[in-house]
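The values are calculated or read from the model by the stated rules, or taken from the named source; none is laboratory data. The shown structure was predicted, so the numbers you read here are calculated from the model rather than taken from an experiment. Neighbour counts run over all protein chains shown; Cβ positions are idealised from the backbone, glycine included. Surface accessibility is based on the protein's heavy atoms, side chains included, excluding ligands, DNA and RNA. Shrake-Rupley method; radii C 1.70, N 1.55, O 1.52, S 1.80 Å.
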Amino acid sequence: MRLGITEHRVRLGPQEYRVLRTTGLRRALCGDTGQWLDFRVNREAAAELAAAWLLAARSPRSLVHVPLRKRGERPVGPPPPEPHQTRDLLLVHHSRQFPASRWKAVRARLGHGSPHTVAFRRADFPPPRTASSPVPITPGSATGSGWPPPPTPSC
């Protein structure tokens with residue numbers, strides 16, 4: 001799988017940030033109703049979102065920006081509940097300790113950047129599950145955790 005990105009370098013005070021902005025995800029939407037975030041993606045956009053997440057996990061010094069606002073193409077289906085605001089997604093490695101309050105200032109300084117393509121191997125992603133290959137239920141797994149507990153036998 002290939003993911004198109006644009007690399008930006010932004011200096012904000014003594015800090016320099018490397019921002020990787022994805023160029024795909026035309027069929028994705030993140031809506032904020034004030035109480036819930038609602039992601040709507042098609043299969044292709046879900047794969048690209050997983051690739052962006054993997055890129056953020058493997059690039060601990062970078063900020064991965066997934067622009068989801070102001071996109072021309074939207075997922076098929078009912079519109080998100082009103083009122084809502086569309087949101088972008090910013091993926092940051094936990095070790096970066098990036099304060100969310102600083103994102104507006106960094107985003108305002110993004111220029112044209114330089115285009116790149118990131119290639120992922122098939123081995124980077126697990127194979128898709130199908131109805132013919134269900135997830136095995138084992139004791140202690142999320143689906144076989146024993147909850148609810150079995151009924152207590154009565155005498």
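With the requirement that a residue be outside any helix (DSSP H, G or I), over 17 Å from L90 (Cβ atoms) and in contact (Cβ under 8 Å) with a residue 40 or more places away in the chain, what does the range 42-73 give you? Before the answer, list the steps.
Within the range 42-73, the subset outside any helix (DSSP H, G or I) is 42, 59-73.
Pick out the ones that are also over 17 Å from L90 (Cβ atoms) and you get 42, 72-73.
Across the range 42-73, the qualifying residues are G72, E73.
What's the number of the condition R21 fails, among (1) surrounded by 19 or more Cβ atoms within 10 Å (Cβ to Cβ); (2) within 19 Å of T117 (Cα to Cα); (3) at pLDDT below 85; (4) not aliphatic (A, V, I, L, M)?
(3)
Is it the case that the range 25-41 has a residue that's basic (K, R), open to solvent by 30 Å² or more (accessible area, probe 1.4 Å), closer than 23 Å to P99 by Cα and part of a strand (DSSP E or B)? Walk me through how you get there before you give the answer.
Looking only at the range 25-41, we keep the residues that are basic (K, R), and these are 26-27, 40.
Of the ones still in play, those that are also open to solvent by 30 Å² or more (accessible area, probe 1.4 Å) are 26-27, 40.
Retained after the next criterion (residues that are closer than 23 Å to P99 by Cα): none.
Checked the range 25-41: no residue is basic (K, R), open to solvent by 30 Å² or more (accessible area, probe 1.4 Å), closer than 23 Å to P99 by Cα and part of a strand (DSSP E or B).
If you go through the range 98-118 one residue at a time, do you hit one that is modelled with pLDDT under 80 and surrounded by 10 or more Cβ atoms within 10 Å (Cβ to Cβ)? Quick ask: steps written out before the conclusion?
Kept after step one, since they are modelled with pLDDT under 80, are these residues of the range 98-118: none.
No, the range 98-118 contains no residue that is modelled with pLDDT under 80 and surrounded by 10 or more Cβ atoms within 10 Å (Cβ to Cβ).
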